[in-house]
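Undergrad: The structure is given below, and queries will be raised subsequently.
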């Protein structure tokens with residue numbers, strides 16, 4: 001049985017099933033381990049972890065601890081409440097109309113980040129006049145249809161992760177700012193910070209950055225230098241503003257003061273750096289890496305919401321969930337009808353009823369003619385169905401992104 005306990009209840013002989021934090025902020029290769037020493041417990045605490053899930057079938061138990069199922073049911077009730085509070089951004093054009101432009105923008109931004117990283121590695125200055133037009137193109141695409149570019153960026157080659165992650169953070173942060181009602185100038189500066197936030201990783205050796213095994217303490221320290229390194233690089237960039245500098249330096253800070261590089265408590269972390277921290281973790285934990293299997297976006301949102309108790313600004317997390325939807329664009333969902341579909345657009349007022357492109361019948365285990373279904377509409381008007389759950393594509397051996405934009 002999987003149970004959730006406070007970290008002070010952790011004892012030698014317990015089996016940790018989930019460290020309940022984003023993997024970038026803890027020094028363990030895996031989220032699961034048998035606790036064999038007090039030193040390991042201290043290392044978990046020092047990593048800013050407050051709660052963990054234990055497997056009582058593989059280690060010691062805590063009798064009165066809630067089960068994972070009980071925790072999940074409680075979370076689901078809270079998420080339904082969040083989904084009903086605030087409208088999602090309205091798309092100006094359809095996904096199909098925007099997808100071709102979004103592909104061009106993705107490729108353009110990808111190549112730009114490659115160039116920025118290469119220049120930074122060589123000690124060259126970043127040329128803002130090359131970066132700002134790309135941020136503007138991303139912003140305009142988000143204004144036309146937020147789902148096109150964010151959906152495309154769900155697809156990342158492991159070898160290109162570092163570059164596309166920066167593009168994703170920029171895109172999601174722009175969408176987040178727009179959803180939060182921030183002005184155009186602030187949104188543009190936040191997007192610039194998102195695109196450049198990991199510039200310091202240019203100075204991290206590839207052998208450390210892409211190491212498939214567990215990092216040593218020394219290697220972990222090298223990784224933790226990248227926010228300050230990136231900040232120093234941007235300081236040498238003429239015309240860079242305070243917002244990109246703050247996002248670059250502080251996107252790994254946490255509300256409880258357990259982050260890095262400055263271990264700032266929440267009240268000292270800038271609002272946009274707090275927002276960037278959420279976006280950064282969301283994109284990272286949903287991506288496949290050589291040492292980490294990405295989790296479905298819907299699961300990632302639930303994890304971040306759970307972690308917001310200590311690590312993130314809870315109000316910002318809820319606002320981000322309303323921005324991307326409880327079932328984010330690109331999520332594979334199972335409907336009551338037994339059909340599988342990929343989410344293409346959140347509903348304006350009901351995040352539990354997005355638009356979905358359905359393409360597969362689980363009852364006959366066959367592909368069906370793809371069609372868009374608006375789950376907010378009644379039967380006969382292009383709707384009449386309901387999401388039962390999000391699904392793993394590998395479970396059904398399907399690629400939902402092939403049906404993301406219908407011709």
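Every number here is computed from the coordinates shown, using simple stated rules; none is lab data. None of these values were measured; they are calculated from a predicted model. Note that we place each Cβ from the backbone using ideal geometry, even for glycine, and neighbour counts take in every protein chain shown.
Undergrad: Starting from the eigenvalues of the Cα gyration tensor, five times each then square-rooted, give me the equivalent ellipsoid semi-axes of the range 332-403, largest first, whole Å.
TA: Working from the Cα gyration tensor, I get semi-axes of 19, 13, 11 Å.
Undergrad: Mind telling me which of 172, 245, 33 comes out most flexible in a GNM of the chain, alpha-carbon contacts under 10 Å?
TA: Highest fluctuation among the options: 33.
Undergrad: Given 25 °C and 0.890 mPa s, how large is the Stokes-Einstein diffusion coefficient of the chain in µm²/s, with Rh as the Kirkwood radius over Cα pairs?
TA: 112 µm²/s
Undergrad: Stretch residue 62-residue 367 to full length: gain in nm at 0.36 nm per residue minus the Cα-Cα span?
TA: 105.2 nm
Undergrad: Oh, and also: Spin-label point model (7 Å from Cα, Cβ direction): what's the residue 235 to residue 208 distance in nm?
TA: Reported label-point gap for residue 235 and residue 208 is 1.9 nm.
Undergrad: Okay, next question. Calculate the translational D of the range 251-295 in whole µm² s⁻¹ from Stokes-Einstein, where the hydrodynamic radius comes from the Kirkwood formula applied to all Cα pairs, the temperature is 20 °C and the viscosity 1.002 mPa s.
TA: Reported coefficient: 192 µm²/s.
Undergrad: Once you order the gyration tensor axes a ≥ b ≥ c over the Cα atoms, which shape class does the range 267-399 get: rounded for a/c under 1.5, otherwise prolate or oblate by comparing a/b with b/c?
TA: Judged from the Cα gyration tensor, the range 267-399 comes out oblate (a/c at least 1.5, b/c at or above a/b).
Undergrad: Continuing with the same structure: Cβ neighbours within 10 Å, averaged per peptide: list 207-218, 272-283 in order, most packed at the top.
TA: My ranking of the peptides, most packed first, is 272-283, 207-218.
Undergrad: Work out, step by step, the length gained on full extension between residue 11 and residue 33: first 0.36 nm times the residue separation, then minus their alpha carbon distance; give nm to one decimal.
TA: Length gained between residue 11 and residue 33: 6.7 nm.
Undergrad: Any chance you could list the semi-axes, whole Å, largest first, of the equivalent ellipsoid that the Cα gyration tensor gives for the range 1-154, using √(5λ)?
TA: 43, 25, 12
Undergrad: How many angstrom lie between the C-alpha centres of the range 179-200 and the range 221-264?
TA: Result: 14 Å between the Cα centres.
Undergrad: Hey, another quick one. Could you pull out which residues in the range 163-191 have an amide N less than 17 Å from a spot 7 Å beyond the Cα of residue 111, following the Cα-Cβ vector?
TA: Counting backbone N atoms under 17 Å from the label point, the list is 163-164, 167.
Undergrad: Now for a separate question. Given the options 363, 188, 32, state which has the largest fluctuation in a GNM of the chain using a 10 Å cut-off (strictly under) for Cα springs.
TA: 363
Undergrad: Where does the range 92-224 land on Rg/Rh, using Cα atoms and the Kirkwood Rh?
TA: Result for the range 92-224 is an Rg/Rh of 1.01.
Undergrad: Now a separate question. Which shape class applies to the range 95-324: rounded if a/c is under 1.5, otherwise prolate when a/b exceeds b/c and oblate if not, where a ≥ b ≥ c are the square roots of the Cα gyration tensor eigenvalues?
TA: rounded
Undergrad: In what sequence, highest mean first, do 175-186, 43-54 appear when ranked by Cβ atoms within 10 angstrom?
TA: In decreasing order of mean packing, 175-186, 43-54 become 43-54, 175-186.
Undergrad: For a quick check, take a GNM of the chain with Cα springs below 10 Å and name the residue from 303, 293, 355 with the largest mean-square fluctuation.
TA: Evaluated over the chain, the most mobile residue of the options is 293.
Undergrad: Something else: Hey, could you get me the Stokes-Einstein D for the range 2-66, Kirkwood radius over alpha-carbon pairs, 37 °C and 0.692 mPa s, rounded to whole µm² s⁻¹?
TA: 286 µm²/s
Undergrad: Follow-up question, since we're still on this one. Compute the length gained on full extension between residue 104 and residue 121: take 0.36 nm times their separation in residues and subtract their Cα-Cα distance, giving the result in nm to one decimal.
TA: Full-extension gain reported as 3.5 nm.
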